[in-house]
1. Is there any pair with a first residue in the stretch 79-95 that is surrounded by 17 or more Cβ atoms within 10 Å (Cβ to Cβ) and a second that is among the β-branched types (V, I, T) and outside any loop (DSSP other than H, G, I, E, B) whose Cβ atoms are under 6 Å apart and which are 6 or more apart or on different chains, and what are they?
2. Name every residue in the stretch 39-55 that is within 18 Å of Q77 (Cα to Cα) and outside any helix (DSSP H, G or I), in order of residue number.
3. Of the residues in the stretch 1-12, how many are modelled with pLDDT of 95 or more, assigned to a loop (DSSP other than H, G, I, E, B) and surrounded by fewer than 16 Cβ atoms within 10 Å (Cβ to Cβ)?
4. Taking the condition more than 13 Å from the chain's Cα centre (by Cα) and buried (at least 18 other Cβ atoms within 10 Å of the Cβ), does R105 pass?
5. Applying the selection to the stretch 87-119, what residues are in contact with a Ser or Thr (Cβ under 8 Å, 6 or more places away or on another chain), under 21 Å from H47 (Cα atoms) and not in a strand (DSSP E or B)?
6. Restricting to the stretch 13-43, and then to whatever is in contact (Cβ under 8 Å) with a residue 60 or more places away in the chain and touching a strand residue (DSSP E or B) at 6+ places or on another chain (Cβ under 6 Å), can you tell me which residue is surrounded by the fewest Cβ atoms within 10 Å (Cβ to Cβ)?
7. May I ask you to say which residue of K123, K57, K87 is at pLDDT below 95 and not small (G, A, S)?
8. Do you know which residues across the stretch 120-151 are part of a strand (DSSP E or B) and acidic (D, E)?
Amino acid sequence: MTRSASVSRNTNETKIEVSINLDGQGSAKLNTGIGFLDHMLDQVARHGMFDLEVTAKGDLHIDAHHTVEDVGIVLGQAFSKAIGDKKGITRYGTAIIPLDEALSRVVLDISGRPGLMFDVEFKRAVIGEFDVDLIHEFFQGFVNHANITMHIDNLKGDNSHHQAETIYKAFGRALKMAVCIDPKISGITPSTKGSL
């Protein structure tokens, strides 16, 4: 059975639609109005092998904050819906990804408990016109609504674009690992509590 979901969110600040297929081929259709965010989401889809569609219309005349945060929220909601009862999943995922001088690590647990540890010091405050503070906001929105625990560490990097790209690539790879079905525990929830 394909694990997929679609979620919409409409507020006075944003209108967002997200569809995700966790068992996809890595295809992405992205139109958030923020080129850099589309580029990062493309990394998640391709390296996580998720099919991902994201459409967003936000109050970009103010800034990108609401749009980036709300895309993270809706992606988290869609992920939570797609993963279903979590039976048979690997649950944990980790990835360490380089890009030239940059190196980032993402470790996550599909635990049913939201938590974000974000240890990243970007070398610049903006990438093009994109405020790097919004990367934390995106991931905070995601973990809060996906109910996962995630540690994000940038271990090395002199170029902010490279730092960000390694984070999103590692996120995709770690998430791919965590959602994989482990045939040894098919039909079993990977928790001593019996639920996640």
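1. Hits for this filter: A82/I20; G88/I181; G88/I185; I89/V179; A95/V106.
2. F50, D51, L52, E53, V54, T55
3. 2
4. Yes: the conditions hold for R105.
5. Residue satisfying the conditions is R91 alone.
6. So the residue we want is N21.
7. Testing whether each residue is at pLDDT below 95 and not small (G, A, S) leaves just K87.
8. D131
The values are calculated or read from the model by the stated rules, or taken from the named source; none is laboratory data. Owing to the predicted nature of the structure, the values given are computational and were not obtained by experimental measurement. Reconstructed Cβ throughout: ideal geometry from the backbone, glycine too, with neighbour counts over all protein chains shown.
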